[in-house]
Amino acid sequence: LLLQDLSGERRSRSLATMSGHTLVIGCVGKPSVGKSTFFNAVTEGKAKVGNFPFTTIEPNTGVTYFRAECASVSRGKADVCVPRYGRLREEDGVRFIPVQLLDVAGLVPGASEGAGLGNKFLNDLCGADVLVHIIDASGTTNEKGEATTGYDPLNDADWLIGELESWVFGNLYGRWATVARRHSATKSDAASTLQSQLSGYKADRQMICSLLDKMGVKDPVKFTEWGEEEVRGLVSAFVAERFPMVLLLNKADQGGETDRHIQRIIEKFEPRNIPCVVGSAAAEVFLKNAKKKKFIKYLEGADHFTTLEDERDDLDFRRSRGEENVPDGSNLEAEYAVPEPKVAKRLERLKDMVMYRFGGTGAWQAVQTAVELKNPAVAYPVRSLTSFATDSAGSGGAFADAYMVKEGTTVRQLANMISPHLAENFAYAEGEDGRRLGEDHVVTGLDFIVRFTTRETTAPPATGSGGSSGGGGSGGSGSGGSG
């Protein structure tokens, strides 16, 4: 996937090889609440947008970004950092690290029983690690995704959780007696039994063990004594563990009862550790387009933007207080285009009703919050621990690769993500300080720097879109070669 260049940013050449390495965010909610608008706001792709149910029939897959300070900044290498995936924002040294985003068909009541596109929707969600649930905080979309007025969105999040729980419970409880008898007969541990039943939802053993620990369930477990109440408790805990979510309270600038709705939703869900982000995806799309037309200067996720008039007013203010060497502003007209009065008026309204009130549009904050729920790490594999170069010669651009990995990922697993060849020939890895890391060493932090060394005696062939030999410019080459 080739991405267009944007002013002030170094962009990636390809994202093809990252598809299996990044977290996946599921963009979910009722029809017509702004899912596709959110998708368009935080990706380069365009989902079909409409104000009617099932606007998005097939899952739209796009690439959005998690933002973190690039490792190159604190190490004085920002000027030679050219990301292979994602981009580096030169204005503030923020690295945009790829995250997959799924925009799937809208959910309607009774989805767990097959209503609407329910079963398809729920199955598509299994491809996501974390959910951003878009809620129409203005109350202008009813439970079916139809335009209305006076609707109370307070219970929409519970309704989605309820559909997920009904779906899992319906699949599990019908065969529970058989599962329990087999568990008893084979004397299996609880984690193995539950993983075999829940693996279809892409739940691994680590997740199941975490779930059982939080529930206080310890072996030996007599599942034959569990009735409907216990299984529902299991399912409820599993859904919370498997499908963590962020609520984006969208259309927050619509007036009416919107503020009251927002307050009540936050009071209900934040105590349950379900974070709420307030904003307007449509505002982010508008600012994105205004930036492209040079009407404004704006950094994604920022709490403000500037116009030509803003910069002129700032220069006038600096002169008025006697500041010396104030620029005359003659270059500003070349940096900005002048918007039509209608556009200028809307920009001023967004500044007052969205940016000042909510600290931004909320769209990028929702992505950031969703990723942070999974507590990921960001790894920078390099070939040199002095220049931090990532090419085969050990020189040139630094920190070309940044891999977002899930919590608990080991160094050996990271090697396999970069290239199976690198993992097969893995000899050892070194941290930034040169100390060797065991293959079971867990990758942590947002600037984990690692150098791999392989056992091979000849360099492997290049892997095409994977970059340099060894995968992504970080594999080993030569006898005892460095990664």
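Would you please give the FRET efficiency between Asp310 and Asn171, computed as 1/(1 + (r/R0)^6) with r the Cβ-Cβ distance and R0 = 51 Å, to the nearest 0.05? Working shown, then result.
Numbers: r = 55 Å, r/R0 = 1.08.
Calculated transfer efficiency: 0.40.
Taking Rh as the Kirkwood radius computed over C-alpha pairs, what is the Stokes-Einstein D of the stretch 273-316 at 20 °C in a medium of viscosity 1.002 mPa s, expressed in µm² per second?
Working: Rh = 12.0 Å.
It diffuses with D of about 178 µm²/s by this estimate.
Near the amide H of Glu69, under 5 Å away, which other amide H atoms are found, from residues 5 or more places off or on another chain, if H is placed in the peptide plane?
Arg95
Using the beta-carbon distance between Leu332 and Glu270 and R0 = 35 Å, what value does 1/(1 + (r/R0)^6) give for FRET efficiency, to the nearest 0.05? Could you put the intermediate results ahead of the total?
Working: r = 43 Å, r/R0 = 1.21.
It comes to 0.25.
From the phi angles alone, apply the Karplus equation (6.51, -1.76, 1.60; θ = phi - 60°) to the stretch 352-357 and give each ³J(HN,Hα) in whole Hz, x where the residue is Gly or Pro.
Whole-Hz 3J(HN,Hα) from phi for the stretch 352-357: 7, 8, 10, 5, 5, 6.
How high is the FRET efficiency between Ala344 and Asn375 when r is their beta carbon distance and R₀ equals 35 Å, given to the nearest 0.05?
On the way: r = 43 Å, r/R0 = 1.21.
Approximately 0.25, to the nearest 0.05.
Here are some pairs, Lys268/Lys288; Lys120/Lys288; Lys297/Lys351; Lys144/Lys406; Lys77/Lys292; Lys202/Lys222; which of them have Cα atoms lying more than 23 Å apart in this structure?
Values: Lys268/Lys288 32 Å; Lys120/Lys288 32 Å; Lys297/Lys351 13 Å; Lys144/Lys406 35 Å; Lys77/Lys292 28 Å; Lys202/Lys222 25 Å.
Result: Lys268/Lys288; Lys120/Lys288; Lys144/Lys406; Lys77/Lys292; Lys202/Lys222 exceed 23 Å.
How compact and how long is the stretch 207-355, expressed as Rg and Dmax of its alpha-carbon atoms in Å?
Rg, Dmax (Cα atoms, Å): 25.5, 82.
Return the long-range amide H neighbours of Val443 (sequence gap of 5 or more, or a different chain), with a cut-off of under 5 Å between placed amide H atoms.
The list, which skips near neighbours in sequence, is Thr409, Thr410, Val411.
Just reorder Lys214, Lys374 by solvent-accessible area, largest first, 1.4 Å probe, all chains present. Before the final figure, lay out the partial values.
On the way: Lys214 145, Lys374 50 Å².
From most exposed to least exposed: Lys214, Lys374.
Provide, for q = 0.18, 0.20, 0.21 Å⁻¹, the log10 of I(q)/I(0) from a solvent-free Debye sum over equal Cα point scatterers in the stretch 191-274.
-0.82, -0.92, -0.98
Sort Arg84, Arg357, Arg182 by accessible area with a 1.4 Å probe, largest first. Don't jump to the answer; show the numbers that get you there.
Numbers: Arg84 25, Arg357 105, Arg182 130 Å².
The residues order as Arg182, Arg357, Arg84, largest area first.
So for the pair Trp159, Met215, with labels modelled 7 Å out along Cα→Cβ, what separation do we get in nm?
Taking the simple label geometry, Trp159 and Met215 are separated by 2.8 nm.
Whole-Hz Karplus ³J(HN,Hα) for the stretch 271-276, in order, using 6.51 cos²θ - 1.76 cosθ + 1.60 and θ = phi - 60°, x for Gly and Pro?
Computed from phi, the couplings for the stretch 271-276 are x, 8, 6, 10, x, 10 Hz.
Taking amide H positions as placed in the peptide plane 1.01 Å from N, state which residues far from Asp401 in sequence (5 or more) or on other chains have amide H under 5 Å from it.
The list, which skips near neighbours in sequence, is Arg84.
Please give the per residue volume of the convex hull enclosing the alpha carbon atoms of the stretch 285-439, rounded to a whole number of Å³. Working shown, then result.
Details: hull volume 32.9 nm³, N = 155.
So the per-residue hull volume is 213 Å³.
Run through the stretch 309-416 and list the GluC sites (Glu not before Pro) located in a DSSP loop whose Cβ has at most 13 other Cβ atoms within 10 Å.
Working: sites: Glu309, Glu311, Glu323, Glu324, Glu333, Glu335, Glu348, Glu372, Glu407; in loops: Glu323, Glu324, Glu407.
For GluC sites (Glu not before Pro) across the stretch 309-416 that sit outside H, G, I, E and B with at most 13 neighbouring Cβ atoms in 10 Å, the list reads Glu323, Glu324, Glu407.
Take the Cα radius of gyration of the stretch 199-248 and divide it by 2.2 N^0.38 Å, with N its residue count; two decimals is plenty. Numbers along the way, then the final one.
Values: Rg = 12.0 Å, N = 50, 2.2 N^0.38 = 9.7 Å.
The stretch 199-248 yields a ratio of 1.24.
Return the sequence-ordered ³J(HN,Hα) values of the stretch 248-260 in whole Hz as given by the Karplus equation 6.51 cos²θ - 1.76 cosθ + 1.60 applied to θ = phi - 60°, using x for Gly and Pro.
Computed from phi, the couplings for the stretch 248-260 are 9, 7, 7, 6, 6, 9, 8, x, x, 8, 4, 4, 5 Hz.
The values are calculated or read from the model by the stated rules, or taken from the named source; none is laboratory data. Quick caveat, the model's predicted, so the values are computed rather than measured. Heads up, the Cβs are rebuilt from the backbone with ideal geometry, glycines too, and the neighbour counts pull from every protein chain shown. Side chains included, ligands, DNA and RNA excluded: accessible areas come from the protein's heavy atoms. Shrake-Rupley method; radii C 1.70, N 1.55, O 1.52, S 1.80 Å.
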